[in-house]
Structures are given as C-alpha cells and as structure tokens.
There are 2 protein chains.
Amino acid sequence: MRTGEVAERAGLNIQTLRYYERRGLLAKPARSNGGHRLYPDETVALLQVIKAAQRLGFSLDEVAGLLEAGRRHPAPGLRQRAVDKIAEIDRKIADLASVRATLAEVVEARCDSLTDCTCPDCPLPVVTGAAQEAGEA
Amino acid sequence: MRTGEVAERAGLNIQTLRYYERRGLLAKPARSNGGHRLYPDETVALLQVIKAAQRLGFSLDEVAGLLEAGRRHPAPGLRQRAVDKIAEIDRKIADLASVRATLAEVVEARCDSLTDCTCPDCPLPVVTGAAQEAGEA
DNA sequence: CGTAAGCCTGTACCCGGGTACCGGATGCAA
DNA sequence: TTGCATCCGGTACCCGGGTACAGGCTTACG
C-alpha cells in the first residue's frame, strides 16, 4: 500500500505518517524502485493502535516507548505503565470534578462577574472585590 | 508595585505578565517617568482570578472574553459560559472514564503487548494480531 | 508514450501558553 | 555619584502534535 491509501484508511494526513516515521512510531517502510514508500497491510492496524493509545492519554513519546517495549514480549512495563496512567487519569478526573463543582456553584449563585461579583456567598476564588480595577484596558 | 513584585506575589514570570498584557488580559498599567510599569495592588488579585479561570478550564482567550464581559455587569453570558463549560467538562470526564475502563481491563487481562497481545479476550482495540510486523524500526 | 495524479525531500509554518536572551535605560541606596 | 538590581522593548525560541508548500520525480492509465 502506498502512503495515500494508508493515510486514507487510517484517517490521517500523509504528512502525519511521515511525522510518525520521524518520531519512531512507524518503522521505515520498504520502498519502490522509484523511492515511494510501500507499506504492509498491517500498518493501518498499527496506526489504529497508535490512535487508540493516544486516546488512552499517552503522548506520542509514550506510545513509541510502549510499542518499543511491546515488540518483544512479555512487554516489560506495559502493565505498570497502564497502572500509572490510571492513577494519572484519576487525578485528572478529580481535578475536573472539583472544577465542575465550582462552576456549578457559579451558576447556582448567579454570579454576575468574574472580578466583581455582587452575589451573596460568591463561590469565586478568593477575590473579595479587589480586582475589579486592575483589568480595565 | 513593579513588575517583579507583582510577578513574585502572583507566582508568575515577569515575561508572563507582559504576555498577558499583549493578550489583553491585563490592562496597560501606569508607567513611571522612566517607563517602568507600575501596577495597582489589585493586579495580584486579578492574576489570581485569571489563574483560577484557567484552572476552571478556560483558555486565555476565553478568560479575556470573560473579563471583558464581566467588567460591566450584569455580565452577559458569564452564566451561560459556565453552563457550556460544565457540559464540556462532563464530556471530558466521560472520555476519561471510558479510557480508564479500558486501561483497567488491560491491567486486569494481563495484556503483554500493545500490538501482539497473547492474553485471552484482549481488550485492546480491534488489533487481532495484525499489526505486530508493521512497527519494527 | 504522454499526461495527470500521486509521491518524494526539505523546510517552514500553525496553535496555545509561555520563556529566554539581548543591549540599553532606570531606580534606588550608600 | 556610583554601582548594581531591576526593568524596558524586541525578537527568538521552547513544547507537542501536527500541517503546508515548493520544486522535482514516479507511477498508472489510456
């Protein structure tokens, strides 16, 4: 398969394929006599794996490491990395939840300004009416 | 207060203050005769508001809009933006939760490779053993 | 065999959110 | 008044994850 076809099937830009190759996520593929890349069919599946791992919250560097580690099994560290990533996700969820709670209070309390809210028991962070002069462009 | 003091109290880099000024988050402050910025005390509080809003998931552009909108109250749209942001956060939390579930399954099932897992009932996305050849740098 | 579509490399650019460095000017205290 | 810390504007760079473009070569189809 040629770049265009792989890119289309995987739903990626051609440039992105070459980018992944540079980043070490994709092996250097075979070439035609003329120098065009020729990918094996499995590449599409591999790209799906990469995208899935990205969705799982891994950075490209992390994905590269995971693929590298996973190439010879038993993959040393795949499980551990998943466990670590779960902890990271739990932290993110907790952060978002507290943010959500604050926003819900903002809505609930009918705050009318970020900097100079007049609502009673304003939930907005510790401003207590001092910042309203400082932002006037 | 001079830049350095404001920066230190707010826990920001001086460059960041000037960056915020360029971005319209901070009003252009008064200047000394020699041209040095002189900030009112409230600026520190305003910066805390900005940081808080960032933590609430707003981008700098959004924060600028919020401050702009909030400067004359009743702030048209603050509540609405908060409601929208809550929906966005709920979507993010749902995504993270599903990601977490997948990772938990990976751990549970003792997957041993991203691309070539030999565990039974592998939860990894649809790869079914086809991608293992495609990534070998 | 001609021609258009597709691919090649290299380089530069995009976004958001900053951060660093430069040479020169100021501020403040001794 | 001198000397050092601080600040000035401007510009360039960082990260991650791509995307775009130019100029030239290859491949496939009729």
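The values are calculated or read from the model by the stated rules, or taken from the named source; none is laboratory data. Please read all numbers here as calculations on a predicted model, not as lab measurements. Note: ideal-geometry Cβ built from the backbone for every residue, glycine included; neighbour counts use all protein chains shown. Note: areas computed on protein heavy atoms with side chains; ligands, DNA, RNA excluded. Shrake-Rupley method; radii C 1.70, N 1.55, O 1.52, S 1.80 Å.
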Can you give me the number of residues within the stretch B:12-30 that are in a loop (DSSP other than H, G, I, E, B) and either touching a residue at least 40 places away in the same chain (Cβ under 8 Å) or in contact with a Pro (Cβ under 7 Å, 6 or more places away or on another chain) (or both)? 2
Quickly run through the stretch B:1-10 and pick out the residues that are touching a residue at least 24 places away in the same chain (Cβ under 8 Å) and either part of a loop (DSSP other than H, G, I, E, B) or near DNA strand C (Cβ under 10 Å from one of its atoms) (or both). B:M1, B:R2
Quick check: is even one residue across the stretch B:22-29 surrounded by fewer than 20 Cβ atoms within 10 Å (Cβ to Cβ) and touching a Gly at 6+ places or on another chain (Cβ under 8 Å)? yes
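Would you say A:A101 is away from DNA strand C (no atom under 11 Å from the Cβ) and assigned to a loop (DSSP other than H, G, I, E, B)? Spell out how you get there, then give the answer.
Values: away from DNA strand C (no atom under 11 Å from the Cβ): yes; assigned to a loop (DSSP other than H, G, I, E, B): no.
Answer is no for this residue.
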Of the residues A:E42, A:E21, which single one is among the acidic types (D, E) and at pLDDT below 95? A:E42
Being touching a Pro at 6+ places or on another chain (Cβ under 6 Å), more than 7 Å from chain B (Cβ to nearest Cβ) and at pLDDT 70 or above is true for just one of A:E88, A:E105. Which residue is that? A:E105
Residue list for the stretch B:32-60, filter: within 8 Å of DNA strand C (Cβ to nearest atom) and without any contact (Cβ under 8 Å) to a residue 12 or more places away in the chain: B:S32, B:N33, B:G34, B:G35, B:Q54, B:S59
Counting just the residues of the stretch A:43-53 that are more than 9 Å from DNA strand D (Cβ to nearest atom) and of a type in the set (V, I, T), which one comes out surrounded by the fewest Cβ atoms within 10 Å (Cβ to Cβ)? A:V44
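To keep it simple, each residue is scored yes or no on (1) polar (S, T, N, Q); (2) more than 8 Å from DNA strand D (Cβ to nearest atom); (3) open to solvent by 20 Å² or more (accessible area, probe 1.4 Å).
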position	(1), (2), (3)
B:A10	no, yes, no
B:T16	yes, yes, yes
B:Y20	no, yes, no
B:N33	yes, yes, yes
B:D41	no, yes, yes
B:R55	no, yes, yes
B:L60	no, yes, yes
Can you say whether A:R91 is within 26 Å of B:T102 (Cα to Cα), within 12 Å of DNA strand C (Cβ to nearest atom), part of a helix (DSSP H, G or I) and not hydrophobic (A, V, I, L, M, F, W, C), as far as the supplied structure shows? no
